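Asker: Pasting a structure below so you can have a look.
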Amino acid sequence: GQQVQQSPASLVLQEGENAELQCNFSSTATQLQWFYQSPGGSLVSLLSNPSGTKHTGRLTSTTVTKERRSSLHISSSQTTDSGTYLCAIDIYTGKLTFGDGTVLTVKP
Amino acid sequence: GPKVLQIPSHQIIDMGQMVTLNCDPVSNHLYFYWYKQILGQQMEFLVNFYNGKVMEKSKLFKDQFSVERPDGSYFTLKIQPTALEDSAVYFCASSSRRDTLYFGAGTRLSVL
């Protein structure tokens, strides 16, 4: 089965609304990263959060290691937040395994 | 934050030719990676590289692929010869101690 599962697959919001993205994984992760992939394809690392809660700007990630899940909260969404959000984990292998992503569309 | 640069951003090449994708990793990083993403599909691991050697490669890392980092300069992915199915975006990444990976913006390879 798939090691990293992200939900929802897609999400449509009005500008100003909050987004909650989920990532569930099948094995204990030694590393977990959230990425943003623009519609043009370029990849940006948002947060590295193998456990606990981390904040950066309008982003908050909470990872509960024992429950093998992580969430990414985007507050006050903007149209420029539109794109694909990817969750990726490392399970003692030294390489990241990616989920399929959540496609976020923020409408003005 | 730390930057990984990939050159060029887009490369178009005829099937059967050789192509070299270049990556300028973060300066003090020791671990290097290549990932492949076919349009609309999942990002997939190709290979990782440390201390001048390939540590691990996936099934996607065909015999036609090779990686090197001569004299601490660019970390390169060479494909020789290219095939149509090699068309994808190739992402380079680097890390200092196998923790947070920093990715480049990717090189879109189009094999015609």
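The values are calculated or read from the model by the stated rules, or taken from the named source; none is laboratory data. Note that the structure is predicted; figures quoted are calculated from it, not measured. Every residue, glycine among them, receives a Cβ derived from its backbone with ideal geometry; neighbour counts consider all protein chains shown. Quick note on the areas: whole protein, heavy atoms, side chains included, nothing else; ligands and nucleic acids left out. Shrake-Rupley method; radii C 1.70, N 1.55, O 1.52, S 1.80 Å.
Asker: Output the strands (runs of 3 or more DSSP E) that fall wholly within the stretch B:13-110 and possess 1 or more residues being of a type outside the set (Ser, Thr, Tyr) and at the interface with chain A (Cβ under 10 Å from one of its Cβ atoms), or say none.
Answerer: In the stretch B:13-110, the matching strands (runs of 3 or more DSSP E) lie at B:31-37, B:43-50, B:53-57, B:88-95.
Asker: Follow-up. Scan the stretch A:1-48 residue by residue and report those that are closer than 21 Å to residue B:107 by Cα and open to solvent by 50 Å² or more (accessible area, probe 1.4 Å).
Answerer: A:39, A:40, A:44
Asker: Name the pairs: first residue in the stretch A:33-57 and more than 19 Å from residue B:99 (Cα to Cα), second residue of a type in the set (S, T, N, Q) and modelled with pLDDT of 90 or more, Cβ to Cβ under 6 Å, at least 6 apart or on different chains?
Answerer: Short answer, once both residue conditions are applied: A:37/A:84.
Asker: Still on this model: Return the residue satisfying two criteria in turn: it lies in the stretch A:82-106 and is open to solvent by less than 30 Å² (accessible area, probe 1.4 Å) and away from chain B (no Cβ under 12 Å), and of such residues it is nearest to the chain's Cα centre (by Cα).
Answerer: Within the stretch A:82-106, the match that is nearest to the chain's Cα centre (by Cα) is A:85.
Asker: Looking for whichever is open to solvent by less than 70 Å² (accessible area, probe 1.4 Å), free of Cβ contacts under 8 Å to residues at least 24 places away in the same chain and under 11 Å from the mean Cα position of the chain (by Cα) here; the options are B:91, B:65. Which one fits?
Answerer: Values: B:91 fails: free of Cβ contacts under 8 Å to residues at least 24 places away in the same chain.
Every option except B:65 fails the conditions.
Asker: Please work out which residue is surrounded by the most Cβ atoms within 10 Å (Cβ to Cβ), limiting yourself to the stretch A:51-67 and to residues that are over 12 Å from the mean Cα position of the chain (by Cα) and of a type outside the set (Val, Ile, Thr).
Answerer: Out of the qualifying residues, it is A:54.
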